Amino acid sequence: MSAHLPAFGRRAALLGLAAALTLPRARVAFAQAPGEARFAVVLLRGGLDGLFAVQPYADAAFGELRGPLALPEPGQEGGLLDLGGRFGLHPRMPNLHAMYATNEALILHAVAGNWRTRSHFDAQDMLESGADQRLASGWLNRALAVFPDRPGAQHAGLAVGTDMPLLMRGPTPVGNYAPRGGGMPAPDLLARVAELNAADPVTGPAIAEALAARGFAATTLGAPGMPRPQPGGAFRALALTAGRLMSEANGPRVAAFELTGWDTHAQQVNRLNGPLAQLDEGLAALKEALGGHWRRTAVLVVTEFGRTVRVNGTAGTDHGTGGVAFVLGGAVTGGRVGGDWPGLGPDALFQDRDLAPTTDLRSVAKGLLRDHLRLSAPAVARAFPGSDAADPLGGLVRV
């Protein structure tokens, strides 16, 4: 390391309130929180078909409504992975099924946000803002804003890559770190830039904090930072990196991921095999990288809306309402399919086309903020303004 560079150890590293890592089709943002609990939110952009990922094969109306999207029942060749006799998990998700078997995965069916739009853009904005309209900040950022700094932590966050999901945007200061392959300047040049700006009250501290965060990432991931992933393995590489950073004693405690590829208007059977496998492998990689910290971890996997119950003319599904959410982790009271299943009968469908939502996604998120991150009732309310009708859902984690 050049003598011009500041000496940054792990104590001076990534302990701010936000960070973002960009890889092909997947990104992640980090934040800090007090205590040893770890929390991650995975945003599945595009509208995952919950009835395909978690199939209610015991529902009398399911087979006729879903046609070619109904997979063989558990125990049959290429069949679903059994979830207790009524529901089956898609066979491309064996790692999630293993978590379910060890009571580390809770599956919530017929969930939706408080919106009824079928627009990806509007639904994603409301999913991340936690409100009935687009806000300048996200619910997770607002939730973390109430936490005091951890001893020895930097106040600024770290952004790895070029984007930050709305979920984590807000009043939190954010630095920047480019992963390997992003055309990083030479260390000597960075040192000279830092020296030239050292006296500036705005740019000086920002540059120093960004260099400290870069040093933390290089130390944790191995200089010059995380290697570029192999094609198709971006989300798994991302999850491994996130888990390694979150497992550090002075690392972040909160992460927000995103994974695209769920908008399946045509040929859904073949098109969803890849994304489901990527999600499954990534969640397993996160558990692997967290190691012993997995027992203190909760992961919330959500999408902006479900999809239509009936198959369209191109063997796909269109934008719907009710869907599925996953709550995973060693801190989770899993091993069950939760939620209030409304059924798929002719009088049960929402607008005669969608799975009727019976659980509010805000209630799920609020329950995790209250019981896992131990936020007070006023702090939870600030994270989700105007959500008095959605009480926090209890029983999600071991309190």
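Could you work out how far apart the two model spin labels at ALA266 and THR358 are, taking each label as a point 7 Å from the Cα in the direction of the beta carbon, and quote it in nm?
The modelled label-to-label distance comes out at 3.6 nm.
So for the pair ALA98, VAL146, with labels modelled 7 Å out along Cα→Cβ, what separation do we get in nm?
3.7 nm
What FRET efficiency do you get for ARG116 and VAL399 if R0 is 56 Å and r is their Cβ-Cβ distance, rounded to the nearest 0.05?
0.95
Average projected area of the Cα convex hull of region 278-399, in nm²?
If I average the Cα hull's projected area over directions, I get 9.5 nm².
Here, each number is a calculation from the coordinates, and none is a lab measurement. Predicted, not measured: the structure shown is a model, and the values here were computed from it. As a convention, Cβ positions derive from the backbone with ideal geometry for all residues, glycine included, and neighbour counts pool all protein chains shown.
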